[in-house]
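The values are calculated or read from the model by the stated rules, or taken from the named source; none is laboratory data. This structure is a prediction, so every number in the text was calculated from the model and none was measured. Glycine also receives a Cβ, built like all others from the backbone with ideal geometry; neighbour counts cover every protein chain displayed.
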Ligand SMILES: *Cc1c(COP(=O)(O)O)cnc(C)c1O
């Protein structure tokens with residue numbers, strides 16, 4: 001029996017260990033000078049004016065939508081082909097989620113569907129850069145501007161993504177990043193928000209710390225001063241220990257992206273010619289966070305089982321959010337409401353992808369998958 005193929009493997013090592021050791025021997029453990037250093041370094045890397053770190057992308061989305069004024073009675077338009085965090089953020093603020101369907105070629109939010117979903121209550125549009133490819137930010141921004149609502153990017157998959165001169169956060173009201181364990185820039189859990197408006201950044205800094213006027217680091221100073229609470233916020237810091245793990249990775253991001261892209265191209269070469277398999281299109285510079293194939297209708301779950309039995313890590317990103325129990329039973333969505341997202345959600349299958357994934361493993365995954373497909377479709 002062969003050894004398995006991991007779905008994901010991080011490459012954190014000596015540099016991160018040394019950075020954590022340094023932080024451990026300093027005064028601060030929670031949000032302090034190292035988190036501030038990461039905010040500046042990540043803003044430079046992304047060429048964006050302001051980065052506000054947070055405890056997760058899930059919280060980043062809640063805070064950003066709140067800072068943009070989303071609340072009860074508002075509608076937030078987004079894609080159903082995403083992780084539940086995207087749409088749940090609107091629900092947590094008492095807003096209504098309005099889904100718009102995706103483009104069948106890319107799985108990305110379709111601007112025409114967004115336009116059709118606009119209403120006088122629309123307060124924000126949330127685009128998702130699915131699998132690492134940027135959604136059509138310029139067109140979505142034009143739609144948002146014409147309607148007088150905000151455009152937010154869920155960039156959890158796309159730290160390294162670009163489309164011409166568009167990078168996450170460069171043309172929208174804000175972009176949210178995730179540093180969760182399997183993401184391309186990771187510290188186990190963590191997140192950040194990129195915004196261009198300094199006032200919005202200041203509001204986010206308040207909201208991530210209970211609306212308190214002093215952050216943990218300045219409260220720790222020797223000269224005690226009272227702090228006040230000026231708005232109702234949450235507790236959502238990125239700690240100095242997490243920031244220490246993130247900092248050394250910035251200079252490796254592009255090299256890692258290129259290695260993932262090489263593996264994606266090898267997968268595509270191995271799978272493209274198979275008549276029963278379909279691949280989504282990608283354009284521009286994709287972050288290549290995930291590599292997915294579309295299985296023939298009705299056989300995806302059998303392929304998942306077969307790959308698992310062969311020791312090959314696989315996942316589903318994602319079954320469409322509007323087809324999940326809570327969204328059906330409590331919110332009243334019907335699976336047929338967004339047929340393209342539903343179909344991709346029923347057929348999509350994510351294969352192992354990480355920078356040092358051996359190319360021989362890519363070939364093995366292709367052979368195993370093709371064998372399983374041939375068996376399933378006879
Ligand atoms: C991972 C992910 C999130 C949530 O990120 P966390 O940091 O785990 O909260 C949100 N949206 C998408 C598209 C994701 O993949």
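Values as computed for the structure displayed
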{"quantity": "Checking residue 75 against (1) more than 16 Å from the ligand (Cβ to nearest atom); (2) buried (at least 21 other Cβ atoms within 10 Å of the Cβ), the condition it does not meet", "calculated": "(2)"}
{"quantity": "Given (1) more than 14 Å from the ligand (Cβ to nearest atom); (2) modelled with pLDDT of 95 or more, index of the condition residue 84 fails", "calculated": "(1)"}
{"quantity": "Any hit, segment 91-101, residues being modelled with pLDDT of 95 or more, surrounded by fewer than 24 Cβ atoms within 10 Å (Cβ to Cβ), within 12 Å of the ligand (Cβ to nearest atom) and under 22 Å from residue 235 (Cβ atoms)", "calculated": "no"}
{"quantity": "Matching entry among 105, 115 (being away from the ligand (no atom under 16 Å from the Cβ), closer than 30 Å to residue 278 by Cβ and in contact with a helix residue (DSSP H, G or I) (Cβ under 8 Å, 6 or more places away or on another chain))", "calculated": "115"}
{"quantity": "Subset of segment 170-181 [over 16 Å from residue 61 (Cβ atoms) and within 12 Å of the ligand (Cβ to nearest atom)]", "calculated": "181"}
{"quantity": "Selection from segment 126-138 of residues that are more than 15 Å from the ligand (Cβ to nearest atom) and crowded, with 19+ Cβ neighbours inside 10 Å", "calculated": "136, 137"}
{"quantity": "Residue satisfying all of: in segment 187-199; surrounded by fewer than 22 Cβ atoms within 10 Å (Cβ to Cβ) and within 21 Å of the chain's Cα centre (by Cα); farthest from the ligand (Cβ to nearest atom) among these", "calculated": "196"}
{"quantity": "Criterion (in contact with a helix residue (DSSP H, G or I) (Cβ under 7 Å, 6 or more places away or on another chain), touching a residue at least 60 places away in the same chain (Cβ under 8 Å) and either assigned to a loop (DSSP other than H, G, I, E, B) or surrounded by 14 or more Cβ atoms within 10 Å (Cβ to Cβ) (or both)) met by exactly one of 280, 331, 349, 241", "calculated": "241"}
{"quantity": "Residue match in segment 251-268 (condition: in contact (Cβ under 8 Å) with a residue 12 or more places away in the chain and outside any helix (DSSP H, G or I))", "calculated": "no"}
{"quantity": "Test: residue in segment 296-305 that is part of a helix (DSSP H, G or I), in contact with a helix residue (DSSP H, G or I) (Cβ under 7 Å, 6 or more places away or on another chain) and surrounded by fewer than 17 Cβ atoms within 10 Å (Cβ to Cβ)", "calculated": "yes"}
{"quantity": "Complete set of residues in segment 352-378 that are part of a helix (DSSP H, G or I), closer than 25 Å to residue 262 by Cα and out of contact with any strand residue (DSSP E or B) (no Cβ under 8 Å at 6 or more places or on another chain)", "calculated": "359, 360, 362, 363, 366, 367, 370, 371, 372, 373"}
{"quantity": "Hey, residue 231 in contact (Cβ under 8 Å) with a residue 24 or more places away in the chain and either assigned to a strand (DSSP E or B) or away from the ligand (no atom under 16 Å from the Cβ) (or both) or not", "calculated": "yes"}
{"quantity": "Residue 141 away from the ligand (no atom under 16 Å from the Cβ) and touching a strand residue (DSSP E or B) at 6+ places or on another chain (Cβ under 8 Å)", "calculated": "yes"}
{"quantity": "Unique match (being over 29 Å from residue 311 (Cβ atoms), surrounded by fewer than 17 Cβ atoms within 10 Å (Cβ to Cβ) and in contact with a helix residue (DSSP H, G or I) (Cβ under 6 Å, 6 or more places away or on another chain)) among 15, 35", "calculated": "15"}
{"quantity": "All positions within segment 42-70 that are away from the ligand (no atom under 16 Å from the Cβ), in a helix (DSSP H, G or I) and touching a helix residue (DSSP H, G or I) at 6+ places or on another chain (Cβ under 6 Å)", "calculated": "45, 67"}
{"quantity": "Contacts under 6 angstrom Cβ, first residue in segment 12-28 being under 18 Å from residue 184 (Cα atoms), partner in a helix (DSSP H, G or I), 6 or more apart", "calculated": "15/248; 16/245; 16/248"}
{"quantity": "Residue count, segment 170-181 (criterion: in contact with a strand residue (DSSP E or B) (Cβ under 7 Å, 6 or more places away or on another chain), farther than 21 Å from residue 283 by Cα and part of a loop (DSSP other than H, G, I, E, B))", "calculated": "2"}
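The rows are residues; the columns are (1) within 18 Å of the chain's Cα centre (by Cα); (2) more than 16 Å from the ligand (Cβ to nearest atom); (3) surrounded by fewer than 16 Cβ atoms within 10 Å (Cβ to Cβ).
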residue	(1), (2), (3)
250	yes, yes, no
255	no, yes, yes
262	no, yes, yes
270	no, yes, no
292	yes, no, no
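Every residue, every condition in (1) near the ligand (Cβ under 10 Å from one of its atoms); (2) in a strand (DSSP E or B); (3) within 27 Å of residue 290 (Cα to Cα), yes or no:
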{"site": "146", "(1), (2), (3)": "no, no, no"}
{"site": "158", "(1), (2), (3)": "yes, no, yes"}
{"site": "168", "(1), (2), (3)": "no, no, yes"}
{"site": "183", "(1), (2), (3)": "yes, no, yes"}
{"site": "206", "(1), (2), (3)": "no, no, no"}
